[in-house]
Amino acid sequence: MTTLNERLAWRYATKKFDATRTVPAEKLERIVEAVRLAPTSSGLQPFELFVVSNADIRAKIRTVAWDQAQITDCSHLLIFAAWDDITNDRVNMMFDLTNDVRGFKNEGWENYRQLLLGIVADRGTEANYQAAARQAYIGLGAALIAAAFEEIDATPMEGFDPAAVDEILDLKSKNLRSVVMLPLGYRAAEGDWLVNLKKVRRSRDSFVTEIK
């Protein structure tokens, strides 16, 4: 059986996708579900996921993303968009959802709700957005691992104009801001300069410090 770490050693930031191949719906759904299940601070899930297969939309995004071909050649483009602010309504939405799903109210949980409402109010809009954006990267990590497990190639991308992508996807009306993108698909081995190069990572000794 292939291990998860073997899959992670297999994956790399794909530079050229095979535009003729499509990720099967069931594999795509498992990757999306991994993002939905990803942990977030206080369970807020302060970001949303856009799965873009529309060719015209992806062509527009490519023009504001350094003309990176992966955006149009991939099978599906995932875009992680964070809340533009962690508002009272959004905090209460998630706390109320928790109570509804679990079927009861917990005094400690309700006390934490009030504490968190005070924290986000004091922090302010931009700091709240930055906090939400960091949570989106947890979702990105889950997507990368899930894609590797499914043997789907993926390339995380920050190289784009977020304001322009926000406009293309009308994110401002949804009170969201684009953070990071992840094309999914299958590598085109013959046209990818990186495909056969060894993965480079620091040694365990230089990367890990054990404090006992």
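At 27 Å minimum axial length over the Cα atoms and a Kyte-Doolittle cut of -1.0, report the qualifying DSSP H helices in the chain, or say none.
Taking the DSSP H segments of the chain (at least 27 Å long, mean hydropathy at least -1.0), we get 125-149.
Which trypsin sites (Lys or Arg not before Pro) does segment 103-210 hold that lie in a coil by DSSP with at most 15 other beta carbons within 10 Å? Provide the component values of the computation, followed by the final result.
Details: sites: LYS105, ARG113, ARG123, ARG134, LYS172, LYS174, ARG177, ARG187, LYS198, LYS199, ARG201, ARG202, ARG204; in loops: LYS105, LYS198, LYS199, ARG201, ARG202.
Those that pass, being in a loop and sparsely packed, are LYS105, LYS198, LYS199, ARG201, ARG202.
By DSSP, what percent of the beta bridges with both residues in the chain are antiparallel, rounded to the nearest 5? Could you put the intermediate results ahead of the total?
On the way: 18 of 19 bridges.
Of the beta bridges lying entirely in the chain, close to 95 percent run antiparallel.
Tell me, what % of the accessible area of the chain is carbon and sulfur with a 1.4 angstrom probe?
On the way: 6480 of 12320 Å².
Roughly 53 percent, rounded to a whole number.
If you roll a 1.4 Å probe over the heavy atoms of the protein chains, what accessible area per residue do you get for segment 118-212, in Å²? Write out the running numbers ahead of the final one.
Details: 5640 Å² over 95 residues.
So segment 118-212 comes to 59 Å² accessible per residue, rounded to a whole number.
Roughly how many Å is it from the Cα centre of segment 1-76 to that of segment 129-198, as a whole number?
Distance between centres, Cα-based: 6 Å.
What spacing in nm lies between the two simple spin-label points modelled at VAL64 and ARG36, each 7 Å away from Cα in the Cβ direction?
2.8
The values are calculated or read from the model by the stated rules, or taken from the named source; none is laboratory data. Values in this document were obtained by computation on a predicted structure and should not be read as measured data. Using ideal geometry, Cβ is built from the backbone for each residue, glycine included, and neighbour counts are taken over all protein chains shown. These accessible areas exclude ligands, DNA and RNA; they are computed on the full protein's heavy atoms, side chains included. Shrake-Rupley method; radii C 1.70, N 1.55, O 1.52, S 1.80 Å.
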